[in-house]
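Working notes, structure below.
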Amino acid sequence: MWRWVRQQLGFDPPHQSDTRTIYIANRFPQNGLYTPQKFIDNRIISSKYTVWNFVPKNLFEQFRRVANFYFLIIFLVQLMIDTPTSPITSGLPLFFVITVTAIKQGYEDWLRHNSDNEVNGAPVYVVRSGGLVKTRSKNIRVGDIVRIAKDEIFPADLVLLSSDRLDGSCHITTASLDGETNLKTHVAVPETAVLQTVANLDSLIAVIECQQPEADLYRFMGRMIITQQMEEIVRPLGPESLLLRGARLKNTKEIFGVAVYTGMETKMALNYKSKSQKRSAVEKSMNTFLIIYLIILISEAIISTILKYTWEAEEKWDEPWYNQKTEHQRNSSKILRFISDFLAFLVLYNFIIPISLYVTVEMQKFLGSFFIGWDLDLYHEESDQKAQVNTSDLNEELGQVEYVFTDKTGTLTENEMHFRECSINGIKYQEINGRLVSEGPTPDSSEGNLTYLSSLSHLNNMSHLTSSSSFRTGPENETELIKEHDLFFKAVSLCHTVQISNVQTDGIGDGPWQSHLAPSQLEYYASSPDEKALVEAAARIGIVFIGNTEETMEVKTLGKLERYKLLHILEFDSDRRRMSVIVQAPSGEKFLFAKGAESSILPKCIGGEIEKTRIHVDEFALKGLRTLCMAYRQLTSEEYEVIDRRLFEARTALQQREEKLANVFHFIEKDLILLGATAVEDRLQDKVRETIEALRMAGIKVWVLTGDKHETAVSVSLSCGHFHRTMNILELINQKSDSECAEQLRQLARRITEDHVIQHGLVVDGTSLSLALREHEKLFMDVCRNCSAVLCCRMAPLQKAKVIRLIKISPEKPITLAVGDGANDVSMIQEAHVGIGIMGKEGRQAARNSDYAIARFKFLSKLLFVHGHFYYIRIATLVQYFFYKNVCFITPQFLYQFYCLFSQQTLYDSVYLTLYNICFTSLPILIYSLLEQHVDPHVLQSKPTLYRDISKNRQLSIKTFLYWTILGFSHAFIFFFGSYFLMGKDISLLGNGQVKYIDFFLCLLIIRYTLVFDNFL
């Protein structure tokens, strides 16, 4: 029990060694010498409190507030010494404030508990006692064998044991972890890959030794020791064996895996930033104002105490006949009497500190947050999702945002690619209503001649290739043109890493452009969304990719099945920026097909319409389309033998394998013939461009932080308006050393200085960012601040959080907002001042851990420009008004002491002191702060520049604070002396205390009038 308590408090972590030993299926050694390691359970915890720590932890957080702590001290003083007012006057409001705040925070944490329980209570199947047992996710233990079915999310970090495939491979997508939607292939070790049934797995005797949990998603080292027939077989384990929590199983019927990291030790959870209490700028201003008023209070108490002793220096006032001192008072220490009188005056004036300010602010935030959920403009009808508020403490912060950090995949985009255009042999085509239409005439075209169309249709049933103008070609040119188109789309159908889930080929590809057949009968899973879009486009044309095995790729060309032998795959890498395949056609010819960015393909080409294609690629890019170039090379038998031998030598090298492979790839991918280029559209979410432009007009800088590749990220930034075509794009990528990174940063700074007239955009990758933040943080920040837009690509989840923290702690201390949709965005959402979760397609991790959740990025504009604007104006007025009304209320108390010989008599009855802040004055300003709309919402949304008027916390500046404070003092003087001179020397009125009531009601009247008057200013 004591060990458990220490673990919960963080003093005794469950594991101490650098490695962990996991017995699969928890089959521990039978000898008594082994002590099992202790591992945490599989619960995910995003809540702040538990049943046991709620009261002490919540009280600690509440008494960190200046006003609450101050009134606690005053309450204790009233209990210990004789004071002019009852302890109830301080204790009752304090109890009310603490209770209401605790209920509100407890309710919000209860919602987080419910969200956690939904995740932790998800049903899973584990192998126990020779059978499959259904249990809850939170009950998974390290060492358990878990079964996962297709499209299910992994509930823990698992080492793959087997799948429904003989080779033990499976495909997963990690879009919710790193933003990449491509399918990743993971493989099991050969000895466990054959164990495809529960009975076989139950007989497995194996041990996994691996490193302790770490946050790096792409790093895992371990080994599996398998005991077979009294022999131990050792197999290495790497990232390709680890299935991460939060990833989803795709294109595989089922897999079995053993849990190695669970709960808050999974890589997904370790990439969550620890949940900390976020405090808004308004709350920080409130604490500053409270300290100023505390100084005023202490000053008034000191002045009153000094004046009292000055007055009592005269003998007639030291001990008047109506107030004789006791013997104890005469003999008491003067210092103690001075302290006692000072504390008594402190209690008398303590209501200048507005104790109900915090509870009123809490109620305003809590009740005001419902307006976000009720806003129909933030409701997404297609997904039936409305905006959610996970914490109401930051409502006003929505009106102070200066930086927006956004993810790309699933946040700015729908994560759906669509084929739009292509260029084949110098002729540009686009897809219109399921047909390829060429843009403009070909070099040999003329009017009134339809020979091309009729011949093409007659020769190969290729009537889907039509033109807005006619072609005049001879039979030889027609046949050549058909061959070029056929080769282009075969390159598209063969040069990829696409996988197929359901293969139902009957009737597919028998006719051209049967777009209603391919999507419904073939389910493609691609290594990138681009590849999927291209393969689907080729299928609509009539060249359908049917599937592949380890050695063959099958393509149906206009109904005719063709099998290509897959000889080699030259994988994509960021340095080459291309991929290639070497295949053998049914005729026996060997081809190299290459696909990649134009900058990596065109320089390698020696034939084809290079210049025309380059022009077309530029035109595609100007439209915001993602482009790829296709090329090929026919290999002779002698060339292939050399290539095959060199590839084998490089791939089996034990040293410098990557360098040798790069050299071989460079040797192979040369002397290419250009086939053409493709253009696909990464479909943006609705009104993303307009939203980013509105944010820019509001004075908000937008940064895109993504785990995607450099080319993909830049393309989307251009299409969504984050980067303008007229911008000078600066790059800080592929930096290898600190010195190289520093020199590049200095060059970028010089370019910005020299070209200060135009706007600049900065592109930086994760590796270069790590170098820049290591020793050149200031230089990097100077470059970023002078750029209109910044794009960070290939970012790890924690890197996103580090970038936001870097901006937060910069000298300007700007307010930051982060928006994302996946588990890889949780760290930055929690790091930013305000975190927005997009309720997208890849789980709900971001939405659960965010402060606010919306269905689409476009809703961000109304959330900031309307709700943020209103919340900030309302809360700023509420705060200033509270200080104003308390100055009005207590200053007469101070002035009254001059007329009662500083005898510490109270001007107001105790009931007025107790209820003034709680009842008499809180309700009007609360209603005002919930319903006030000083500008029409449509005006705020249509004119984003109005957002600049409230930036930098202007409504709570010292200048505005002094205005309200001086206004309060002046009004207090007016109604105190107004009441005094109005009564004159009417002893009866004074004797009955009427002046006290008149003063109190004048105070209520004037502060209400001030609230109304301020509303019309």
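Some points to look at:
- The residue that is farthest from residue 37 (Cα to Cα), among those in the range 113-140 that are among the basic types (Lys, Arg) and surrounded by fewer than 18 Cβ atoms within 10 Å (Cβ to Cβ), is 134.
- Restricting attention to the range 871-881 and to residues that are open to solvent by 10 Å² or more (accessible area, probe 1.4 Å) and touching a Phe, Trp or Tyr at 6+ places or on another chain (Cβ under 9 Å), the residue that is nearest to residue 285 (Cα to Cα) turns out to be 877.
- So residue 497, is it modelled with pLDDT of 75 or more, within 30 Å of residue 869 (Cα to Cα) and in a loop (DSSP other than H, G, I, E, B): no
- Residue in the range 57-69 that is more than 37 Å from the chain's Cα centre (by Cα) and either within 30 Å of residue 245 (Cα to Cα) or at pLDDT below 80 (or both) present: no
- Subset of the range 183-212 (residues that are open to solvent by 30 Å² or more (accessible area, probe 1.4 Å) and touching a His at 6+ places or on another chain (Cβ under 9 Å)): 184, 185
- Subset of the range 546-569 [of a type outside the set (Val, Ile, Thr) and either under 12 Å from residue 583 (Cβ atoms) or outside the structural domain of residue 493 (by the TED database) (or both)]: 548, 551, 553, 554, 562, 563, 564, 565, 566, 567, 568
- In the range 760-790, the qualifying residues are those that are closer than 21 Å to residue 696 by Cα and assigned to a helix (DSSP H, G or I), and the one that is most open to solvent (accessible area, probe 1.4 Å) is 785.
- When we screen 159, 142 for residues that are within 18 Å of residue 258 (Cβ to Cβ) and assigned to a loop (DSSP other than H, G, I, E, B), the only hit is 142.
- The set of residues from the range 369-389 being in a loop (DSSP other than H, G, I, E, B) and in contact with a helix residue (DSSP H, G or I) (Cβ under 7 Å, 6 or more places away or on another chain) comprises 369, 386, 387.
- Residue check for residue 64: of a type outside the set (A, V, I, L, M, F, W, C), in contact (Cβ under 8 Å) with a residue 60 or more places away in the chain, open to solvent by 70 Å² or more (accessible area, probe 1.4 Å) and part of a loop (DSSP other than H, G, I, E, B): no
- Among the residues of the range 939-963, those that are open to solvent by 40 Å² or more (accessible area, probe 1.4 Å), assigned to a helix (DSSP H, G or I) and not hydrophobic (A, V, I, L, M, F, W, C) comprise 941, 942, 945, 948, 949, 952, 954, 955, 959, 963.
- For residue 594, the conditions (1) under 27 Å from residue 554 (Cβ atoms); (2) surrounded by fewer than 16 Cβ atoms within 10 Å (Cβ to Cβ); (3) aliphatic (A, V, I, L, M) are fulfilled apart from (2).
- Filter result (touching a residue at least 12 places away in the same chain (Cβ under 8 Å), surrounded by fewer than 21 Cβ atoms within 10 Å (Cβ to Cβ) and under 43 Å from the mean Cα position of the chain (by Cα)) within the range 71-93: 72, 91, 92
- Against the list (1) farther than 21 Å from residue 849 by Cα; (2) modelled with pLDDT of 85 or more; (3) open to solvent by 10 Å² or more (accessible area, probe 1.4 Å), the condition residue 364 fails is (3).
- Apart from one condition, residue 149 fits all of (1) surrounded by 21 or more Cβ atoms within 10 Å (Cβ to Cβ); (2) modelled with pLDDT of 90 or more; the exception is (1).
- Sub-6 Å Cβ pairs linking a first residue in the range 936-964 that is under 16 Å from residue 696 (Cβ atoms) to a second residue that is part of a helix (DSSP H, G or I) and aromatic (Phe, Trp, Tyr), at least 6 apart or interchain, are 941/865; 944/865; 947/865, ordered by first then second residue.
The values are calculated or read from the model by the stated rules, or taken from the named source; none is laboratory data. Treat the numbers as computed from the prediction; the structure is a model and nothing was measured. Positions of Cβ are backbone-derived with ideal geometry, glycine not excepted, and every protein chain shown enters the neighbour counts. Only protein heavy atoms, including side chains, enter the accessible area calculation; ligands, DNA and RNA are left aside. Shrake-Rupley method; radii C 1.70, N 1.55, O 1.52, S 1.80 Å.
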